[in-house]
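Notes for the one structure printed next.
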Amino acid sequence: MHKGYGKSLKDRILPQDFYARDAKEVAIDLLGKILVRRYGRRFLKVKIVETEAYYGHDDPASRAYQGKITRISKVMYEEPGITLIYMVHGGWLMNIVTGKKGEAQAVLIRAGEPIGGIDLMKKFRKKDNLKDLTTGPAKLTEALKITKEHHMIKVFDYNSPVFVIEGESDFEVCSSGRIGVKRDLPEPLRFYIKGNEFVSKIKF
């Protein structure tokens, strides 16, 4: 069911404490929440339908594996609720840092369901097919015009150009191994809303 119906976007924003938890918990709980991109006077909105959790030293798929410190991985050690934006194969990927400061954790936003500002998403993606707008991490950032300019911003701050608000919870959560990972952890860390047509069509 939907939470906060009738409340303003500002009143529905998720607090920083939401992200100050284990990456797996946050990845699951982000499903159904609404990712909002402020673009001028418009608000582009997608319901988060697919996520992946990443850790640090012991996670071979992580940028912070074996304690490696790079320009990207060092952000995973920062305060929870800030964005980590980096490019892979020519596309920007949006992650949100989780856990306590000093730990290396983050959640990748893999896919979303467009629910607001769809005309602009089609313009930014140069696509008319609704199902091709946000069904992958790089597609999603292109549709929302999220780039390196949105690196290390606070998604729990209404004044940020990107933030996350309450959504819905009436669905079943499924899990699998993470996508495109050569060496994965034994525990499935990819989560998605069962039956949602905007989940990326890989590795069900």
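The values are calculated or read from the model by the stated rules, or taken from the named source; none is laboratory data. Predicted model only: the values in this text are computed from it and were never measured. Glycine also receives a Cβ, built like all others from the backbone with ideal geometry; neighbour counts cover every protein chain displayed.
Overview of results
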| read-out | value |
| --- | --- |
| Extreme residue, surrounded by the most Cβ atoms within 10 Å (Cβ to Cβ), among residues of region 74-125 that are under 19 Å from G136 (Cβ atoms), under 18 Å from the mean Cα position of the chain (by Cα) and of a type in the set (F, W, Y) | W92 |
| Members of region 145-204 that are in contact with a His (Cβ under 9 Å, 6 or more places away or on another chain) and more than 18 Å from M94 (Cα to Cα) | E166, G167, E168, S169, D170 |
| Filter result for D170 (touching a residue at least 60 places away in the same chain (Cβ under 8 Å), among the charged types (D, E, K, R), part of a loop (DSSP other than H, G, I, E, B) and at negative phi) | yes |
| The listed residue being closer than 21 Å to L84 by Cα and touching a Gly at 6+ places or on another chain (Cβ under 8 Å), out of T141, T135, T147 | T141 |
| Count - residues of region 120-139 that are out of contact with any Lys or Arg (no Cβ under 9 Å at 6 or more places or on another chain), at pLDDT 95 or above and part of a helix (DSSP H, G or I) | 3 |
| Condition broken by F163, with the remaining ones in (1) part of a strand (DSSP E or B); (2) over 26 Å from K10 (Cα atoms) satisfied | (2) |
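A quick yes/no check of all residues on (1) of a type outside the set (G, A, S); (2) part of a loop (DSSP other than H, G, I, E, B); (3) surrounded by 15 or more Cβ atoms within 10 Å (Cβ to Cβ):
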| position | (1), (2), (3) |
| --- | --- |
| N159 | yes, yes, no |
| G180 | no, yes, no |
| P188 | yes, yes, yes |
| N196 | yes, yes, yes |
